[in-house]
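Inspection log for the structure reproduced underneath, given as structure tokens.
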Amino acid sequence: MRIGQGFDVHAFESGGRLVLGGVLVPHSHSLKAHSDGDVLLHALCDALLGAAGLGDIGQHFPDTDETYRHADSRTLLRSVGEKLQARGFTLVNADMTLIAQSPRLAPYIAAMGETIAADLDAPVECINVKATTTEHLGFTGREEGIAALAVVLIDRQSRA
């Protein structure tokens with residue numbers, strides 16, 4: 001068994017689309033990023049890669065590579081899942097937290113969990129997504145951006 005943790009943050013910018021956990025969330029702002037800016041999936045990718053000893057998301061999908069400009073983070077997550085599977089790892093569980101003053105995320109949490117489970121070919125019961133505010137403190141409290149944390153447990157698949 002191996003544990004990995006991930007963290008990501010992106011600032012808001014006017015317009016665009018806000019995608020979190022692979023789900024479109026209606027909002028007046030999007031997240032400034034080279035890819036689609038999905039902080040939740042980026043934190044999850046880092047946690048999975050870290051648990052497997054495979055570095056971080058920037059090593060695999062660098063923001064200096066135009067291939068990943070405006071990339072769908074679900075595609076990146078599926079690629080990370082394939083990398084783990086190729087090395088004999090399976091996801092035991094993932095626990096993630098979105099940190100945002102706005103928008104209100106509760107209505108989208110279940111869909112995020114289902115999307116992540118589908119992308120990682122994992123039971124939805126193994127995926128836990130939650131959201132919190134910072135009570136108007138710090139950059140998230142001032143609604144300047146969103147942060148995300150992820151912790152995962154992976155296991156080496158038995159070889160038959």
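Here, each number is a calculation from the coordinates, and none is a lab measurement. As the structure is a computational prediction, the values presented were derived from the model and not from experiment. Here Cβ is always computed from backbone atoms with ideal geometry, including for glycine, and neighbour counts include all displayed protein chains.
Listing for the model above:
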| quantity | calculated |
| --- | --- |
| Derived scalar couplings ³J(HN,Hα) [the stretch 113-118; Karplus, 6.51 cos²θ - 1.76 cosθ + 1.60; whole Hz; x for Gly, Pro] | x, 5, 5, 5, 4, 5 |
| Phi to ³J(HN,Hα) by Karplus 6.51 cos²θ - 1.76 cosθ + 1.60 over the stretch 26-32, Hz, x for Gly, Pro | x, 6, 6, 10, 10, 9, 6 |
| Residue among I154, L120, Q101 farthest towards the positive dipole end of the chain, charges placed on Cβ | I154 |
| Principal semi-axes in Å for the stretch 2-156 [√(5λ), Cα gyration tensor, largest first] | 24, 17, 13 |
| 5 angstrom amide H check on H27, placed H, neighbours 5+ away | L18 |
| Projected label distance in nm at D155 and H136, using a 7 Å step from Cα toward the beta-carbon | 4.7 |
| Projected label distance in nm at E143 and T67, using a 7 Å step from Cα toward the beta-carbon | 3.9 |
| Size of electric dipole in the stretch 2-156: Cβ of Lys, Arg +1 and of Asp, Glu -1, about Cα centre, debye, nearest 20 | 140 |
| Proximal charge balance of A148 [Cβ under 11 Å; K/R count +1, D/E count -1] | -2 |
| The stretch 149-156 - phi-based ³J(HN,Hα) in whole Hz, Karplus 6.51/-1.76/1.60, Gly and Pro as x | 10, 9, 10, 10, 10, 10, 9, 6 |
| Neighbourhood charge, 10 Å Cβ-Cβ cut-off, centred on G113 and excluding it, Lys, Arg +1 and Asp, Glu -1 | -1 |
